[in-house]
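Asker: Would you mind keeping the following structure in view while I ask a few things?
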Amino acid sequence: MSARADSDTNRRADARATTGGNARTNRRRGSPEGARDTGRSRSLPRSLSLSQNFLAGPAVARRVVRLAAPEAGCGLVVEIGAGTGTLTEALAPHCRELIAYEIDRRLLPGLRTRLAAHPHVRVVGQDFLASRPPREPFAVVGNVPYARTSEIVDWCLRAPRLESATFVTQLEYARKRTGDYGRWSLLTVRTWPWHEWRLRGRVPRESFRPVPRVDSAVLRLDRRGEPLLPRTEEAAYRRMVETGFGGAGGTLYASLRRAGYSTPRLTTAFRTADLPNTTVVAYATPSQWLTLHKTLH
């Protein structure tokens, strides 16, 4: 599969579905390609249009918290899809303030009762994606719906004060974003100088109730304390990456050549990055992209 097709598949896999309550997918729960929102769910009763998969118990939640690695006494944490509060309760002792978003209003009374012993936890009954990013440094943690992972990740990447985001999401999505298949996606490469993507661990499907059809994973996104490129070079770097992923010519070298980079400069840059001229775009690592940029610009 080409990198462009791979990227398109990711976008299709993250088509819109209902957010909240740790919903894994809509209608086609656990499909390898994620859920497609056909629009029919709007006419279904709410109990059917929300397909919710909750963490099975405190032990699973504690493992997610360990992988999220919030330090004791840290500042603000925002949780996506608090559901019944299993992960929320595990997170509460590790932060100064916790804002837990839950879209399913049927769950709010039980959620607030469960968290009553934690006065620093605030439950918000709305779609997380409709919220504004906090103005202070914060971290995001959530057991997120497969079908809206891309939207949630985009929200986090745009948030200027975000320090880290830890998601329980579809294993396939996490592997694609972190290069675990040996290929790299456009989004990962484009954001790599400023954000690090890591696969922190797998979560078996049996860790959820009801049990979905596929496994999940913990995906960690960290804003780099020291960016690998200054922001003044961001526009040029992203133009180069998007040109390379454009697919013209069949190889990364051919795509950049057609964009106007001279043959001698490209030859030198590819040699410096230890990239054969026949490399397909998805197989260039983020570090090699950085070398290409520094050599060409």
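The values are calculated or read from the model by the stated rules, or taken from the named source; none is laboratory data. Predicted, not measured: the structure shown is a model, and the values here were computed from it. Because the Cβ atoms are built from the backbone with ideal geometry, glycine has one as well, and the counts that use them run over all protein chains shown. Surface areas here come from the heavy atoms of the whole protein model, side chains and all, with no ligands, DNA or RNA. Shrake-Rupley method; radii C 1.70, N 1.55, O 1.52, S 1.80 Å.
Asker: State which residue pairs qualify: first residue modelled with pLDDT of 95 or more and assigned to a loop (DSSP other than H, G, I, E, B) and inside the range 248-270, second residue open to solvent by 40 Å² or more (accessible area, probe 1.4 Å) and among the aromatic types (Phe, Trp, Tyr) in any location, beta carbons under 7 Å apart, and separation of 6 or more residues or different chains.
Answerer: Short answer, once both residue conditions are applied: none.
Asker: Within the range 205-216, can you find the residues that are outside any strand (DSSP E or B) and either aliphatic (A, V, I, L, M) or closer than 11 Å to residue 170 by Cα (or both)?
Answerer: 205, 211, 212, 213, 214, 215
Asker: How about the range 77-103: which of its residues are of a type in the set (A, V, I, L, M), open to solvent by 10 Å² or more (accessible area, probe 1.4 Å), within 17 Å of residue 118 (Cβ to Cβ) and in contact with a Phe, Trp or Tyr (Cβ under 9 Å, 6 or more places away or on another chain)?
Answerer: Within the range 77-103, the subset of a type in the set (A, V, I, L, M) is 77-78, 80, 82, 87, 90-92, 98-100, 103.
Checking the rest, the ones that are also open to solvent by 10 Å² or more (accessible area, probe 1.4 Å) come to 90, 99, 103.
Then keep just the ones that are within 17 Å of residue 118 (Cβ to Cβ); that gives 90, 99.
Answer for the range 77-103, where residues must be of a type in the set (A, V, I, L, M), open to solvent by 10 Å² or more (accessible area, probe 1.4 Å), within 17 Å of residue 118 (Cβ to Cβ) and in contact with a Phe, Trp or Tyr (Cβ under 9 Å, 6 or more places away or on another chain): just 99.
Asker: Please state which of the following conditions residue 202 fails to meet, knowing it meets all the rest: (1) in a strand (DSSP E or B); (2) under 14 Å from residue 285 (Cβ atoms); (3) over 14 Å from the mean Cα position of the chain (by Cα).
Answerer: So the condition that residue 202 fails would be (2).
Asker: Can I ask one more? Would you say residue 241 is assigned to a helix (DSSP H, G or I) and touching a Leu at 6+ places or on another chain (Cβ under 8 Å)? Steps first, please.
Answerer: On the way: assigned to a helix (DSSP H, G or I): yes; touching a Leu at 6+ places or on another chain (Cβ under 8 Å): yes.
Answer is yes for this residue.
Asker: Can you tell me which residues in the range 130-153 are open to solvent by 40 Å² or more (accessible area, probe 1.4 Å) and in contact (Cβ under 8 Å) with a residue 40 or more places away in the chain?
Answerer: From the range 130-153, those open to solvent by 40 Å² or more (accessible area, probe 1.4 Å) are 130, 132-133, 135-137, 151; that's our starting set.
If the condition is that a residue be open to solvent by 40 Å² or more (accessible area, probe 1.4 Å) and in contact (Cβ under 8 Å) with a residue 40 or more places away in the chain, then 136, 137, 151 are the ones that fit.
Asker: Which of the residues that make up the range 158-180 are without any contact (Cβ under 8 Å) to a residue 60 or more places away in the chain and of a type in the set (A, V, I, L, M)?
Answerer: Matches in the range 158-180: 159, 165, 171, 174.
Asker: If we keep just the residues of the range 211-239 that are farther than 13 Å from residue 67 by Cα and in contact with a strand residue (DSSP E or B) (Cβ under 8 Å, 6 or more places away or on another chain), which is surrounded by the fewest Cβ atoms within 10 Å (Cβ to Cβ)? Explain how you work it out, then say what you get.
Answerer: Within the range 211-239, the first condition is being farther than 13 Å from residue 67 by Cα, and the residues that meet it are 211-216, 223-239.
Applying the additional criterion that residues be in contact with a strand residue (DSSP E or B) (Cβ under 8 Å, 6 or more places away or on another chain) yields 214-216, 223-224.
Working: 214: 16, 215: 17, 216: 29, 223: 20, 224: 12.
My answer is 224.
Asker: When only residues in the range 164-199 that are open to solvent by less than 20 Å² (accessible area, probe 1.4 Å) and more than 14 Å from the chain's Cα centre (by Cα) count, which is farthest from residue 283 (Cα to Cα)?
Answerer: 194
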